[in-house]
Amino acid sequence: MSMRELVVLGTASQAPTRQRNHNGYVLRWDDEVILFDPGEGSQRQLLHTTVTASDLTRICVTHFHGDHCLGLPGTIQRLSLDRVPHPVAVHFPAGGAEYFARLRHATSFYETAELRVEPIEADGQRIALSCGTLEARRLRHPIETYGYRLVEPDGHRMLPDKLAAYGIAGPAVGELIRVGHLDLDGRRVTRDEVSEPRHGQRFAFVMDTGLCDGVYALAEHADLLVIESTFLESEAALAAEVGHLTAAQAARVATESGVRRLVLTHFSQRYADPRRFHDEAREHFDGDLIIAEDLTTVQLPPRRVASAG
């Protein structure tokens, strides 16, 4: 059975707190298990979830500030320790290749895992996956930074009552989906006659950034948007100065981009009460809103039927 969910490993920005670990997020998407921005302690946080290092198929790093990458050495070494049998792709800003090399070989170890190093070279770079397309977009931060989104192609939802009316069942359904039509008793039945269009699902991951075109490009029609909200609006000037978002800005992005489920994360240690982020965001976004906590799991919403908008 396919599974599409976000597992949150950590939600702190810059420095961990007693309640929040450094960043770390795992996206389970069918056969892909993608680790985003493994901050310090990510390997240990995995032990408190149902995800193992051996499950990982891909690692995506937005940029090389420590709270987004200091978990790489331990994670990479764990892949070899566990003798992960499949290759693991690693994506990161190409300008940070030297940082990645240092982190990969931070200590002596016997490397047995196969890492496929695939840096992000340009804004809009796309990587074809079996389940869709992984796209990277440039963000606005003091160092080279990219956000990521995973887009599933649009498809069709087969309608059981219409299939039954034509006597289509079993392997014939698969053939109809694959070929687009079936010839039955001298009549051609098309896929469109027994199905309705459905939107492919979209996941977006937006970390350290000020407002820019890349933020909106990533968030557009996302079913699940994971986005930083380091500051509250009272510190909007500071947020703009250091290349971060406020909860209000993140919420407005979600509303303007047609996001269905919004996950706020990457909170500054200056705020002790997470409800403040909820209250501020709720003023600007009326959809599903989640204030991320360490070791929680967030499901992707069900696919949308195209006719529903």
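The values are calculated or read from the model by the stated rules, or taken from the named source; none is laboratory data. The shown structure was predicted, so the numbers you read here are calculated from the model rather than taken from an experiment. Don't worry about glycine lacking a Cβ; one is built from the backbone with ideal geometry, like all the others, and counts go over all protein chains shown. Ligands, DNA and RNA are excluded from the accessible area calculation, which covers all protein heavy atoms including side chains. Shrake-Rupley method; radii C 1.70, N 1.55, O 1.52, S 1.80 Å.
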Legend entry - Accessible area in the full protein assembly, largest first, 1.4 Å probe, for R102, R202: R102, R202
Inset, instruction - Rounding to the nearest 20 debye, state how big the charge dipole of region 179-232 is about its Cα centre with +1 on each Lys and Arg Cβ and -1 on each Asp and Glu Cβ. - result: 180 debye
Inset, instruction - Select from L159, G243, G41 the residue farthest towards the positive end of the dipole of the chain; place +1 on Cβ of Lys and Arg, -1 on Cβ of Asp and Glu, and compute about the Cα centre. - result: L159
Inset, instruction - Would you look at the GNM of the chain, springs on alpha carbons closer than 10 Å, and say which of L163, L35, L245 moves the most? - result: L163
Inset, instruction - Would you mind checking which residues have amide H under 5 Å from F36's amide H? H placed 1.01 Å from N; only 5 or more apart, or other chain. - result: Y25, V26, L27, C60
Legend entry - Solvent-accessible surface ranking, highest first, for M158, M207 at 1.4 angstrom: M158, M207
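Pull out a ≥ b ≥ c, the square roots of the eigenvalues of the alpha-carbon gyration tensor of region 1-116, then state rounded if a/c is under 1.5, prolate if not and a/b is larger than b/c, and oblate in the remaining case. Before the final figure, lay out the partial values.
Working: a/c = 1.41, a/b = 1.01, b/c = 1.40.
Because its axes are fairly even, with a/c under 1.5, region 1-116 counts as rounded.
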Inset, instruction - Find the percent of Cα-Cα distances in the chain that exceed 35 Å, and round it to a whole number. - result: 25 percent
Legend entry - Simple Cβ-charge dipole of region 68-143, Lys/Arg +1 and Asp/Glu -1, about Cα centre, in debye nearest 20: 160 debye
Legend entry - For the chain, calculated [θ]222 nm from helices alone, where every DSSP H run of n ≥ 4 adds -39500 (n - 2.57): -6000 deg cm²/dmol
Inset, instruction - Between R275 and A237, with labels modelled 7 Å along Cα→Cβ, what's the label distance in nm to one decimal, could you check? - result: 2.9 nm
Inset, instruction - Calculate the dipole size of region 114-184 relative to its Cα centre from +1 charges on Lys and Arg beta carbons and -1 charges on Asp and Glu beta carbons; express the result in debye to the nearest 20. - result: 220 debye
Inset, instruction - Just subtract the alpha-carbon distance of H48 and T190 from 0.36 nm times their residue separation and send over the number in nm, one decimal. - result: 46.3 nm
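In Å², what does the accessible area per residue of region 205-309 work out to with a 1.4 Å probe?
It amounts to 41 Å² per residue over region 205-309.
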Legend entry - Cα gyration tensor shape of region 22-69, rounded if a/c is under 1.5, else prolate or oblate by comparing a/b with b/c: oblate
